[in-house]
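Accompanying notes for the structure given below.
The values are calculated or read from the model by the stated rules, or taken from the named source; none is laboratory data. Worth saying up front: this structure is predicted, and the values here are computed from it rather than measured. Positions of Cβ are generated from backbone atoms using ideal geometry, with glycine treated the same way; all protein chains shown enter the neighbour counts. Note: areas computed on protein heavy atoms with side chains; ligands, DNA, RNA excluded. Shrake-Rupley method; radii C 1.70, N 1.55, O 1.52, S 1.80 Å.
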Amino acid sequence: MSLNSPNSTAAPAPKDSEIKAAARVRNLLIVLAAIALSISIFFGVRTQTPSSSLTEMAKASAPLETALANGKPTLMEFYADWCGSCQAMAKDLSAIKQQYAEPMNFVMLNVDNDKWLPEITKYRVDGIPHFVYLNDKGSRVAETIGEMPRSIMEANLEALIAGKPLPHVQSSGQVSDFTPPTGPVKTSSSDPRAHGSQVQ
């Protein structure tokens, strides 16, 4: 049979109601697929972010004044939220802090907070993360700078708790550069060389 044959039967044209129903089903499937994709992206992004943010860890850390006075050794970390190396170590440091919470203090000082400028200057922080190990009397024992493997951090903390020399004080890893802000130099008004605030 040819298409032009009088005996050929043409397919019936779809009705408007069938077209509308097909469009509704298609649109419903698109909406469901979009919702499923959105949910999977949401949970995918959540699982990629560290479980402990630096800000949350800092809020949970001991206040510096308490740590210096309570007779426990202390690990002091200078950090910043923008520091990639600090973020890379966050998960391991969170686990370490839970493991050693009883015998030690953990203090986190954000270098972007001017409140910590005296400590930044005292410990000469010019790269972060910068770790300062303090004995049970609050005196500096050692410092390390940069990303450290968890095993090295734990070995240093075990030695600090035991009052022994730290085995990995010369260690330094990847560092985020940091330039501390400069502030006014405190001078006596009776000093003839004083000419107001000077940047050091």
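If I filter region 104-118 down to residues being assigned to a helix (DSSP H, G or I) and touching a residue at least 24 places away in the same chain (Cβ under 8 Å), which single residue comes out as surrounded by the most Cβ atoms within 10 Å (Cβ to Cβ)? Only one residue tops the list, namely 116. Quick one: in region 64-73, which of the residues that are assigned to a helix (DSSP H, G or I) and of a type outside the set (Ser, Thr, Tyr) is surrounded by the fewest Cβ atoms within 10 Å (Cβ to Cβ)? Of everything passing the filter in region 64-73, 65 is surrounded by the fewest Cβ atoms within 10 Å (Cβ to Cβ). When 17, 61, 53 are screened for being open to solvent by less than 90 Å² (accessible area, probe 1.4 Å), within 26 Å of residue 131 (Cα to Cα) and at pLDDT below 90, only 53 passes. Against the numbered list (1) assigned to a loop (DSSP other than H, G, I, E, B); (2) open to solvent by less than 20 Å² (accessible area, probe 1.4 Å), residue 77 comes up short only at (1).
Of all the criteria given as (1) under 23 Å from the mean Cα position of the chain (by Cα); (2) open to solvent by 30 Å² or more (accessible area, probe 1.4 Å); (3) at pLDDT 90 or above; (4) of a type outside the set (A, V, I, L, M, F, W, C), the one not satisfied by residue 167 is (1).
Of the residues making up region 81-103, those that are open to solvent by less than 10 Å² (accessible area, probe 1.4 Å), in contact with a strand residue (DSSP E or B) (Cβ under 7 Å, 6 or more places away or on another chain) and either part of a helix (DSSP H, G or I) or at pLDDT 95 or above (or both) are 85, 86. Residue count for region 135-149 satisfying the condition of being closer than 17 Å to residue 79 by Cα and assigned to a loop (DSSP other than H, G, I, E, B): 4. Among all positions in region 127-135, there is at least one residue which is open to solvent by 10 Å² or more (accessible area, probe 1.4 Å) and closer than 15 Å to residue 163 by Cα.
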